[in-house]
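See below for the structure under consideration.
The values are calculated or read from the model by the stated rules, or taken from the named source; none is laboratory data. The shown structure was predicted, so the numbers you read here are calculated from the model rather than taken from an experiment. Here the Cβ is made from the backbone with ideal geometry for all residues, glycine too, and neighbour counts use every protein chain on show. Please note that ligands, DNA and RNA were not included when accessible areas were found on the heavy atoms of the full protein model with its side chains. Shrake-Rupley method; radii C 1.70, N 1.55, O 1.52, S 1.80 Å.
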Amino acid sequence: QPSSLDEQETAQLEEQLQGWGEVILAGDQVLRWKKPWFPGALMAATTLVFMMIYYLDPSVLTGLSCTVMLLCLSDYLVPTLAPRIFGSNKWSSEQQQRFHEICGNLVKTQRRILGWWKRLFSLKEEKPKMYFASVISSLVTVAWMGQQVHNLFLTYLIVSFLLLLPGLNQHGVISKYAGMAKREINKLLKQKEKKNE
């Protein structure tokens, strides 16, 4: 059951994102693949953006400046233009409920990230050797991957996966393959137990 604090934070977030409501709801439909052509369009748009970045090859400073500039322009223009593009400001009860759910999920995600961060620091205090071993090994793995794969291509793969994740989850693809992997692991463990007997 959601706590009163969760509800309060969700209500605050709803108020802050009200100007972005139509865009968030439209984006939610795309990310959850409400139409069969949405995943293809999503991947095409992502590929086009990354191809433009690859072609233009901006410096880190230029890329950062352009990204922040686009965010500032979006923050100014979206709340003004969205009602005109998407039509009436009046939402159906279904749309209002979905917007509330999205904001609630964002609050929960934020809580989870903070929880993981706190756990990491508590691990540092309680088991410093395990903390440093896990952090160093993780960073070494990431550094090795960065050396093996082109940075932009690696970023493209990560972004593509994150954008497809809500749709994969919504359509049960992740739970299906996770279940298959779990069954295979259980089979291997049982075979190992039989051999040991």
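One table, with the values for the structure above:
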{"read-out": "Residue check for Leu163: surrounded by 10 or more Cβ atoms within 10 Å (Cβ to Cβ) and modelled with pLDDT of 90 or more", "value": "yes"}
{"read-out": "Unmet criterion (only one of (1) part of a helix (DSSP H, G or I); (2) closer than 23 Å to Pro166 by Cα; (3) open to solvent by 60 Å² or more (accessible area, probe 1.4 Å); (4) out of contact with any Pro (no Cβ under 9 Å at 6 or more places or on another chain)) for Pro39", "value": "(3)"}
{"read-out": "Verdict on Leu61 being under 21 Å from Leu152 (Cα atoms), open to solvent by 80 Å² or more (accessible area, probe 1.4 Å) and more than 20 Å from the chain's Cα centre (by Cα)", "value": "yes"}
{"read-out": "Filtered residues of segment 66-96 (kept if in contact with an Asp or Glu (Cβ under 8 Å, 6 or more places away or on another chain) and open to solvent by 70 Å² or more (accessible area, probe 1.4 Å))", "value": "Ile85, Phe86"}
{"read-out": "Helices (runs of 4 or more DSSP H) contained entirely in segment 84-197, each with at least 3 residues that are under 21 Å from the mean Cα position of the chain (by Cα) and closer than 23 Å to Pro39 by Cβ", "value": "93-126, 151-170, 173-196"}
{"read-out": "Matching residues in segment 97-112 - criterion: being in contact with a helix residue (DSSP H, G or I) (Cβ under 8 Å, 6 or more places away or on another chain), basic (Lys, Arg) and farther than 14 Å from Gln8 by Cα", "value": "Arg98"}
{"read-out": "Residue that is touching a helix residue (DSSP H, G or I) at 6+ places or on another chain (Cβ under 7 Å) and hydrophobic (A, V, I, L, M, F, W, C), where the choices are Ile174, Ile136", "value": "Ile174"}
{"read-out": "Whichever residue in segment 1-31 is loosely packed, with under 15 Cβ neighbours inside 10 Å and not in a helix (DSSP H, G or I) and, among such residues, is modelled with the highest pLDDT", "value": "Ser3"}
{"read-out": "Candidates Ser175, Ser137, filtered to the one that is among the hydroxyl-bearing types (Ser, Thr, Tyr), more than 30 Å from Gly27 (Cβ to Cβ) and either loosely packed, with under 10 Cβ neighbours inside 10 Å or free of Cβ contacts under 8 Å to residues at least 12 places away in the same chain (or both)", "value": "Ser137"}
